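A.B. asks: This structure is in structure tokens; I'll ask about it shortly.
The values are calculated or read from the model by the stated rules, or taken from the named source; none is laboratory data. Just so it is clear, the structure is predicted and the values come from calculations on it, not from any experiment. Cβ placement follows ideal geometry from the backbone for every residue including glycine, while neighbour counts extend to all protein chains displayed. The accessibility values were calculated without ligands, DNA or RNA, using every heavy atom of the protein model including side chains. Shrake-Rupley method; radii C 1.70, N 1.55, O 1.52, S 1.80 Å.
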Amino acid sequence: DGVAQGRGIKCSLCTKALKKIQALAGDDPDESAVAAALQKGCRALGRIMGRLCQRLVDKYQDQITQGLQNGDLPRDICTAMRICRS
């Protein structure tokens, strides 16, 4: 059905965006490193994906920041935000 399909696309976007952001933030990032990576990471995904990524970041910035600082896997962070199914 359309909802599950939409969720799959959102899940892969979320995972892809967070992998990019995680790579930009580096190991053991502080809050400012994560914030900078969040901005750069979305831009690196292109215009349409970048816009969706930005919406994701605006909505879940605290959870993303916390997850990245904890060293959580992108997929686990997206699952915690209920974007991906576990």
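A.B. asks: Based on the Cβ-Cβ distance of residue 48 and residue 28, what FRET efficiency does E = 1/(1 + (r/R0)^6) give at R0 = 35 Å, to the nearest 0.05?
C.D. replies: After rounding to 0.05, the efficiency reads 0.65.
A.B. asks: Ignoring ligands, DNA and RNA, what percent of the 1.4 Å accessible area of the chain is carbon and sulfur?
C.D. replies: With neighbouring chains kept in place, the figure for the chain is 48 percent.
A.B. asks: Simple spin-label model, 7 Å along Cα-to-Cβ: residue 85 to residue 73 in nm?
C.D. replies: Result for the modelled spin labels: 1.8 nm.
A.B. asks: Ok, one more. What label, among (i) 13.5; (ii) 5.0; (iii) 12.3, belongs to mean projected area of the Cα convex hull in nm² computed from the structure on display?
C.D. replies: Correct label is (ii).
A.B. asks: Could you work out the helix-only [θ] at 222 nm for the chain, with each DSSP H run of four or more residues adding -39,500 (n - 2.57) and the total divided by the number of residues, to the nearest 500 deg cm²/dmol?
C.D. replies: -26500 deg cm²/dmol
A.B. asks: As a test of reading the structure, rank 43, 51, 82, 75 by solvent-accessible area (1.4 Å probe, protein chains only), most first.
C.D. replies: If we order 43, 51, 82, 75 from most to least accessible, we get 82, 43, 51, 75.
A.B. asks: If you take the beta carbon distance between residue 10 and residue 39 as r and set R0 to 30 Å, what does 1/(1 + (r/R0)^6) give as a FRET efficiency, to the nearest 0.05?
C.D. replies: 0.90
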